[in-house]
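A.B. asks: Sending over a structure as structure tokens; questions will come in a sec.
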Amino acid sequence: MKNTVFYLPSCDSCRKIIKAISPKAQLVYHDIKQDPLTELQLQELHALAGSYEALFSRKAQLYKAYNLKNQTLTEADYKKYLLEHYTFLARPVFMIENQVYIGNKPEIVAKALAALAHD
């Protein structure tokens, strides 16, 4: 996979972060709502992240709706939910030069933007 950002256009954090990306950056923008992750893409992200749990968002409304907080989830569960619905992906997720940057914490975003600047 080329350098890619997986994002949701309706997400305020994603929009703000994407706005900060240099127009010169060689980056593929992947809208996870219009084009959900494939199993192969998820496996590639998993290989870089080390676990499906690392890619999983506990802030998703469906997390609360499915009452997942009170369940013990396995890696297989995380994978299933990530493939089932786009909102379970922590976002944005940057894949840059075989490194993965997950989420919108300022330190993560700064590292992703720095990696893009060196690209």
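The values are calculated or read from the model by the stated rules, or taken from the named source; none is laboratory data. Only a predicted model underlies this, so the values are computations on that prediction, with no experimental measurement involved. For neighbour counting, all protein chains shown are included, and Cβ atoms are generated from backbone atoms with ideal geometry for every residue, glycine included. These area figures cover heavy atoms from the full protein model, side chains too; ligands, DNA and RNA do not enter into them. Shrake-Rupley method; radii C 1.70, N 1.55, O 1.52, S 1.80 Å.
A.B. asks: I'd like the residue in region 25-83 that is without any contact (Cβ under 8 Å) to a residue 12 or more places away in the chain and acidic (Asp, Glu) and, out of all such residues, is nearest to Arg15 (Cα to Cα).
C.D. replies: Asp35
A.B. asks: Sticking with this one: For region 1-16, which residues satisfy the criterion of being in contact (Cβ under 8 Å) with a residue 12 or more places away in the chain and closer than 25 Å to Glu84 by Cβ?
C.D. replies: Met1, Thr4, Val5, Phe6, Tyr7, Leu8, Pro9, Ser10, Cys11, Ser13, Cys14, listed by residue number.
A.B. asks: Which one of these is more than 13 Å from the chain's Cα centre (by Cα) and of a type in the set (D, E, K, R): Lys33, Lys24?
C.D. replies: Of the residues listed, the single one that is more than 13 Å from the chain's Cα centre (by Cα) and of a type in the set (D, E, K, R) is Lys24.
A.B. asks: Here's another thing I want to ask about it. Tally up the residues in region 103-119 that are hydrophobic (A, V, I, L, M, F, W, C) and touching a helix residue (DSSP H, G or I) at 6+ places or on another chain (Cβ under 6 Å), please. Spell out how you get there, then give the answer.
C.D. replies: Residues of region 103-119 that are hydrophobic (A, V, I, L, M, F, W, C), as a first pass: 108-110, 112-117.
Filter once more, keeping what is touching a helix residue (DSSP H, G or I) at 6+ places or on another chain (Cβ under 6 Å): 109.
Number of matching residues: 1.
A.B. asks: When residues of region 94-118 are filtered for being among the small types (Gly, Ala, Ser) and over 15 Å from Lys24 (Cα atoms), how many remain?
C.D. replies: 2
A.B. asks: Kindly state which helices (runs of 4 or more DSSP H) lie completely within region 1-116 and contain at least 2 residues that are open to solvent by 70 Å² or more (accessible area, probe 1.4 Å) and modelled with pLDDT of 95 or more.
C.D. replies: Qualifying helices (runs of 4 or more DSSP H): 12-19, 39-49, 75-84.
A.B. asks: Here is a further query. Of all residues in region 49-69, how many are among the hydrophobic types (A, V, I, L, M, F, W, C) and within 18 Å of Gln99 (Cβ to Cβ)?
C.D. replies: Count: 3.
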